[in-house]
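What follows is a short report on a single structure.
The values are calculated or read from the model by the stated rules, or taken from the named source; none is laboratory data. None of the values given here were measured: they were computed from a predicted structure. A quick note on method: Cβ atoms are made from the backbone with ideal geometry, for glycine too, and the neighbour counts reach across all protein chains shown. Each accessible area value is taken on the protein alone, full model and side chains, heavy atoms only, with ligands, DNA and RNA left out. Shrake-Rupley method; radii C 1.70, N 1.55, O 1.52, S 1.80 Å.
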Amino acid sequence: MNQIRRESIGKYIQEKGAVTVKEISALFPDVSLMTIHRDLERLEEGGLIVRTRGGAMPVSQSNGTEAKLETRMQSNMRSKRQMAKKALSLIDERSAVFFDAGTSNMALAQVLPDVDLNIFTTGPNIALELSRLTNPTVHMCGGTLNRSNQAVSGASTIAMLEDINIATAFVGVSGYTPEGGFTCGKEDEMLVKRLVMRKAARKVILMDSSKYGKILPYTFGSVEDADYVISDGGLPEEFMQRAKQAGVAVL
């Protein structure tokens, strides 16, 4: 019965485009709100929907663009916080690190302790979050702002990062497929990610399992380009085997 109900909810969301929990609850008056929330959580874990504040929407972005920041901030945040705690073990004090824009790196910024670091970021919101700390030196990359995901990119961003020696880079992804590799939705942002992947001594990909199977227009790297992949423990065996063969550690 649970599976049948979840399938019905998933189909309803796909047809409606975006719904509220109240709407879903009206379809199943004998089911508690807590159960509805659990159903939505399971559907999101399965990569079928994205939960939003007070509701849900289809996960697919048929026009090849990325979901808006507010939507992604609500998506899999428990997993992203767990990933962030894993990422802390890869940060060496008094080193230069790069925090990509995006919600996974925002989660990392939120749990970062007050240690001596040089942090470079393409996320203005991440720089503001880091401003609560007193010991890190925070460098905000210049460039053109993408309002939907709070990422800066462009010639100014490239010029600044070209001159930086990055010890560890934490790079977010919007999608991954075995054929397309790690992908994102904007060409300028792909160029920034590709540059950072080339320059950093240690490349760390932050990717929760909901990104597996999604492909966006621009590829910036493959599994073999990374040193670490930090995820939520839900990546399929195909990915795990490929990472193992490439000598990439999955945390």
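Subtracting the Cα-Cα distance of H37 and E224 from their residue separation scaled by 0.36 nm leaves 63.6 nm. In the stretch 147-251, a dipole from Cβ-located charges (positive for Lys and Arg, negative for Asp and Glu) runs towards its positive end, and of I158, V196, G185 it is I158 whose Cα lies farthest in that direction. Solvent-accessible surface of the chain, taken per residue with a 1.4 Å probe and all protein chains present: 47 Å².
Computed about its Cα centre, the charge dipole of the stretch 103-251 is approximately 100 debye, with only Lys, Arg, Asp and Glu carrying charge at their Cβ. Taken about its Cα centre, the chain carries a charge dipole of about 400 debye when Lys and Arg each add +1 at the Cβ and Asp and Glu each add -1 at the Cβ.
Over the chain, what is the relative contact order in percent, taking alpha-carbon pairs closer than 8 angstrom and at least six residues apart?
Values: 485 pairs, mean separation 36.0, N = 251.
Value for the chain: 14 percent.
Shape call for the chain from the C-alpha gyration tensor, a ≥ b ≥ c root eigenvalues: rounded (a/c under 1.5), prolate (a/b greater than b/c) or oblate? Cα axes put the chain in the prolate bin.
Each label was represented as a point 7 Å from its Cα along the Cα-to-Cβ direction; for A159 and R132 these points are 3.4 nm apart.
Starting from the Cα gyration tensor of the stretch 90-189, take the square roots of the eigenvalues, sort them a ≥ b ≥ c, and report rounded, prolate or oblate (rounded when a/c is under 1.5, otherwise prolate if a/b is larger than b/c, else oblate). Walk me through the numbers on the way to the answer.
Values: a/c = 1.61, a/b = 1.44, b/c = 1.11.
Prolate, since a/c reaches 1.5 and a/b exceeds b/c.
Taking the protein heavy atoms of the stretch 123-189 in the context of the full set of protein chains, the accessible area attributed to carbon and sulfur is 48 percent at 1.4 Å. Carbon-plus-sulfur fraction of the accessible area of the stretch 76-121, 1.4 Å probe, in percent? With neighbouring chains kept in place, the figure for the stretch 76-121 is 43 percent. The peptide list 210-217, 158-165, put in order of mean Cβ contacts within 10 Å with the highest first, becomes 210-217, 158-165. With helices as the sole contributors, the chain gives -11500 deg cm²/dmol at 222 nm; each DSSP H run of n ≥ 4 counts as -39500 (n - 2.57), and the sum is divided by every residue. Other residues with beta-carbon under 10 Å from the beta-carbon of Y228 carry, at +1 per Lys or Arg and -1 per Asp or Glu, a net charge of +2.
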